[in-house]
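Computed from the coordinates by the stated procedures, all read-outs in this text should not be read as laboratory data. Remember, it's a predicted structure, so these values are computed and weren't measured experimentally. Cβ placement follows ideal geometry from the backbone for every residue including glycine, while neighbour counts extend to all protein chains displayed.
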Amino acid sequence: FDNNVPCHIARVCVCVCSLHFSYVVLVSTEFHAHCKENFLCRPAIMTSNNIQIAALGRPLHPGMLYDCRNDSFIPGVTLWDAEDIEKNMTVHEQNQTKSEITASDSLSKKSSLLDVSASLKASFLGGLVEVGGSAKYLKDTLTTESQCRVTMHYSQKTVFKQLNMKNIGKITCADVIKHGTATHVVTGVLYGADAFMVFNQTASRNEDKQEIQGTLEVMIKKIPTIPISGSGKLKIKEEEHKKVEKFQCTFYGDVILKENPTTYMEAVKVYKDLPKLLGERGEKAVPMTVWLYPLKYLDKRAAKLVREISENLIIKVETVMEDLQRATITVNELLQISETIQATDIQDKLKTFQEMLRQYEITVQKKMSVLIPTIHNGETGEDTLVQILKSHSSSPFTTEMMKKWLDEKQSECEVLRSYTDAFENQKNVQIVSPAQYNGFICNPQYEAIITFAFTSLKYEEPYILDLTKFLHSEELMKQMNTEVSIGKRPKITKFLTAISVHKVLPDKKIKTEMLGIWTLSYLKRFPLH
């Protein structure tokens, strides 16, 4: 028994007979209610043969058919008539509510919050599962490294419905099983709703990211306790109001809102209303967790889930996909910096890398979407998925190689940005790209133009060439075992600084086409008389 159950609720009589112990338990109505609230009254049908999965916004209801080989459901088809299903349905109330706050943005944490199993996570990573409602949170990731994030998760469970398989009668649609399109039938569903409110704030160069992260966590934790006045205004201090003004909110939920919250103040009001949004009797609740019963126990001809993918292998696949996502975040950050300082040569290289990274992610995902079902139905073994991981480890898209190249791009951006920092507090200063250069030197309204020319911004990137060959080589995409290297590149050498107006003094030893011009324009408008 639960230690929290009062002693007057359950009365236990213990009878001792020679070598055997027998327990006679007299259960009161109060204890029965306690069981239901704590999910102890699960149906007998929920045995080890059943598979428990997260609904992830999919309309999975008792009697529906499901294919565990590719984690898809078959809409509009059931094994029994709707009337038989309704007659043999039992219902248990599950009134549970909880909220949680997390600063983690990992897929592992997100999956944990939504109770996603390892097998279902593999299908999600392979693009086999289209999520909806609150489960769209799984796809929400940081866009840049300067973002600070805290997520509030609200979960409410309302009712558990199950089919009584012993009394439901004969299958009326036996032909469905012959087609082999499904492996399981939905026999139990836990209804309720999840809601995620993702709060972000981008830290500027002059702001302390840890301090912003700390403020986010403190203010999000306060949401459940913030009172709202009769007029609908939040009762928070003025200094707290200033802190939350920069917070941005994104909402993912299984409830329908008139308008999704985008600010902290709006999010607090939505949080207060969440318990009411499922209806007085929970009639607006959606499937949260689903129990699946193997069709092979109903008909030997049914398709089967032959093999599960080991959890350790799924974790390795997850790590690869998250490493690729982290590289995307870094690229986005560097693109913002290079755009700010008008470093178009660096920007072009970053965009090229970004596109090739996207192509590679799609390629890996497509391979997984084909392999996962074949592993589940026994056509192939796990070794095919292991080969993808081995191929990745010998590709130019490994974490180490991507990080090394991106670190170099960041260093280049920092070198260029060190020049703009000197003009940061100056008024009427513009940074322009080389493409705009000629237009500025001919414009009489500018008092001065300072041009910086660098010799190495247009150099060819051995690493980018390796990526290009890799993505366009059929043999490489099959084998993915050719050694690649970032290679040496010329050092960024500043050979000219602070030249006057429009005069450029090139180094005669350096080819003209290798010259990268980068311009700072001091703008001063002359008065018109």
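For region 199-314, what does the alpha-carbon gyration tensor say about shape, rounded, prolate or oblate, given a ≥ b ≥ c as the root eigenvalues, a/c under 1.5 as rounded, and a/b over b/c as prolate? In terms of gyration-tensor shape, oblate. In order along region 157-169, the Karplus-derived 3J(HN,Hα) couplings, from 6.51 cos²θ - 1.76 cosθ + 1.60 at θ = phi - 60°, round to 10, 10, 8, 10, 10, 9, 8, 8, 5, 6, 10, 6, x Hz, and Gly and Pro are given as x. With each label modelled as a point 7 angstrom along the Cα→C-beta vector, the Glu239-Gln210 pair spans 2.1 nm. For the pairs Lys109/Lys469; Lys110/Lys246; Lys136/Lys284, note any where the Cα-Cα span goes beyond 28 Å. Correct reply: Lys109/Lys469.
Computed over region 42-297, the alpha-carbon pair-distance distribution with 10 angstrom bins reads 6, 27, 29, 20, 11, 5, 1, 0, each value a whole percent.
Ordering Ile362, Ile329, Ile53 from the fewest to the most neighbouring beta carbons within 10 Å gives Ile362, Ile329, Ile53. Where q = 0.12, 0.19, 0.21, 0.22 Å⁻¹, what log10 of I(q)/I(0) comes from the Debye formula for region 313-428, counting one point per Cα? After summing over all Cα pairs, the log10 values are -0.54, -0.97, -1.11, -1.17. Applying 0.36 nm per residue to the separation of Asn164 and Ala82 and subtracting their alpha-carbon distance, the gain on full extension is 28.1 nm.
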